[in-house]
Amino acid sequence: MSIFPKHVLLLIAVLSISFHAVSQGPPNGLRINGKVIDAQAQAPVAYATIVAKTKAASELVTGTTTDDAGRFSMLSRNPEVYIIVSFLGYQNDTIRDFVIENGRVDLGEIAISPDQEMLDEVVVRGEVSRTTFELDKRVFNVGKDLSTSGASAMEVLNNVPSVNVNIEGEVSLRGSSGVQILIDGKPSVLSDDPANLLGSITADMIEKIEVITNPSAKYNAEGTSGILNIVLKKEEKEGLNGSVSVNTGIPDNHSIGISLNRRTQKFNLFTQMGIGYRSLPRFSDNINWDRTSGTQLLSEGESFRNETFYNITLGTDYHINDNNVVTLSGRYAFETEDNPATTEFRQVDTEGNLLNAWTRNEDTQADNPKWRFDLQYKKQFTDHKKHTLLVSALGNYFNKDQSSIFSNITTEGVSLSNEQLTATDFGRADYTFKLDYAHPVNDQIIFETGAQYEMNDVGNDYEVRDLVDGTYVIDPALTNDFEYDQKVLGVYVTGAYEGTKAGVKLGLRMEDTDLQTLLATTDEKNSQKFTNLFPSFHSSYKFTENLSFQIGYSRRIKRPRLWDLNPFFNITNNFNVRTGNPDLLPEYTDSYELTGIYIMKKTSLSSSLYYRYTTDVMERVSVFEDNVNTTTPLNIGTNATTGIEVTGKYSANRWLTLNGDFNLNRFERKGEFQDTDFDFTGQQWSGRLTSKFKVSRDLEFEITGNYRSKFQTVQGVQSSSPSVDLGLRQKFMDGKLVANVGVRDLFKTRIFESVIDEEDFYLYSWNQRGRFITFGLSYGFGKGEAMSYSGGRRR
């Protein structure tokens, strides 16, 4: 692993200086006490929100929630405040006049009245995920969707409008890959493997997902289709709060998790711990047909990813004063894998007569330790609530020590596969340093600037040994030691105006990339250095309270990932292998979008027209020789995509809510490679409809239908994929205890199927994960809510 470059010391110095800029608040304040009750029932209202705001500027000073008896006590360092009492389903109560005696205020009993109109909305919407719109992004606020209870972030993303996660764990946005995934606005060590990244985050940990199809210059330019920013929850209730959950499922999916939070005036301490075991099956069917010789190689496989996992997260927010907060968190996870796989091979001639048959068995063992640290400092300046300085440092580390044994059992003729041993020593370290500064001129105009420096240092030592005359001998054609070192420096500036009806935001970002790769076994080196400018433009206009429009433009980049560059062979099925291409170049996209948003009391609807033009498109192309299909990424021409997307929500009544989205796009591909013409046009569409039924106050049922159409690829066709998910939730003890049942892919129809039909060869590939049934019990204590926790990674 490489040592920090010298010029990163500048950012470290800025971080250090920023901590010295912390200003201390006044030592004394105003102690405010009281009790909140229901005006009709005269009963205490637990967990009501109490906030204190300045009388002069209505800026938030402090806040708290009531306990089980409806009582609260909080300290305001500014005595010139007024109080707002609020609770979901009740009318807000604002208290401006009160008597201060010896630095204390006793508000006595505060009676709040139910808001019937709001209660109607709560019955329908209180537990449901919903989408809101901002100037340059859409925000999917994660509710308690039933079919994702006890699930990973991958299942949550499959409920987000515009987003799809296929069986391989590849994330697409509006039908296009090249999506950048952030966690709390920062990249993750596992971003090169979305299935790995998303499987390590559980649904209950997510507060919201920001869908940014046209990111402003503030964001990293990586990701030609856009950005998905997963914002994790951070408990803010005072006292000791937490939840415990137990989950089980078919196939094996068993876990125990605990989430704890301790909140005081100055500290917010949080931890999550989990232990569990899961077995994730995968079924495959492949046909390799050599039309020159007429022979076919047929294979059917079944594999399992059996994981035992342990993880713990520890962190704290230290509120130095009202305007300065330091956050430090760390996470450690350890996974052990036992991944058996069996593949049945049959080779037949042109008449269908069996020539050879054998079974290839794989036994893979792996240990995967992971570490993560995150240090962040945020300063809130006193002149304006949006005047902020944010400095952060993030480190991620991931190691894999893996070994595999491949053995063959011949049942007819001779085996065409070798008996082999493989060993992998993989290590990755990622560091990200960020500085973001926002300076508002007034309540309508704001300027932002900042910088980010990111380092990715990876080593993958892969060894293959073949059984030759009873001895395992290194295979030099498959053995490699690959090193990947990428450094990206980005600097940006944006300016925005947001008035009552109209808003506009302009931005420019510069990124300098230095990418070095080395295939140590052959001393093959590859160097890419380039500097790019990425402009952005966003505007919005509100015609009425119910109708508004947004337009946006941005330029993006998709850099080759580690596995796109590494000439690495996966030999689980050594007749269908994937390799990398060290000479692969980045692709660039110009993206344009027009969105209309219509909101009524029971209905919300948005419709977007978009256009994307991408150059140097990275595509995986199959090369067929001796019954072996080898797929390699290549830069092939351009892709122009024009599409329309419609999302909507309709609250029919108190017991039924409908959510849906539909996306249709047409694409035109132009390209040529080695005298092969890849010009073609095609289209694809996808849709999702969720129906949520509230059977009673404590019993809910949900059904979701998904469909992705068939579409053409550069060499073939990918089949359609329909699926249905179900969910059921029952609450007990006023919601402290919750039981969940979820069924994903009820009819086992969510598949990944592709066909490549060329003059000299025919390839068929079919993969399926199958049906998943989960059951969970969750109990919340203190002021915590019952939340599902399913533990570690899912792929």
With x for Gly and Pro, the residue-by-residue ³J(HN,Hα) of region 694-709, computed from phi through the Karplus equation 6.51 cos²θ - 1.76 cosθ + 1.60 at θ = phi - 60° and given in whole Hz, is 9, 5, 8, 4, 10, 10, 9, 9, 9, 9, 10, x, 10, 8, 10, 6
Regression test value, accessible area per residue of region 257-315, probe 1.4 Å, units Å², expected 44
Rounded to 0.05, the calculated FRET efficiency for the beta carbons of Leu594 and His387 at R₀ = 30 Å is 0.40
For 480-490, 47-57, ranked highest to lowest by mean beta-carbon neighbours within 10 Å, the order is 480-490, 47-57
The base-10 log of I(q)/I(0) that the Debye equation returns for region 553-645 at q = 0.22 Å⁻¹, one scatterer per C-alpha, is -1.03
Given 290-299, 341-350, the highest-first ranking by average Cβ count within 10 Å works out to 341-350, 290-299
Excluding ligands, DNA and RNA, the carbon-plus-sulfur percentage of the accessible area of region 398-474 with a 1.4 Å probe reads 52
Mean accessible area per residue over region 418-459 (1.4 angstrom probe, all protein chains present, square angstrom) is 37
In Å², rounded to a whole number, the accessible area per residue of region 556-712 with probe 1.4 Å is 46
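The values are calculated or read from the model by the stated rules, or taken from the named source; none is laboratory data. Computed from a predicted structure; not experimentally measured. Cβ: placed from backbone, ideal geometry, glycine included. Neighbour counts: every protein chain shown. The protein model used for the area step is the full one, side chains on, heavy atoms only, and it has no ligands, DNA or RNA in it. Shrake-Rupley method; radii C 1.70, N 1.55, O 1.52, S 1.80 Å.
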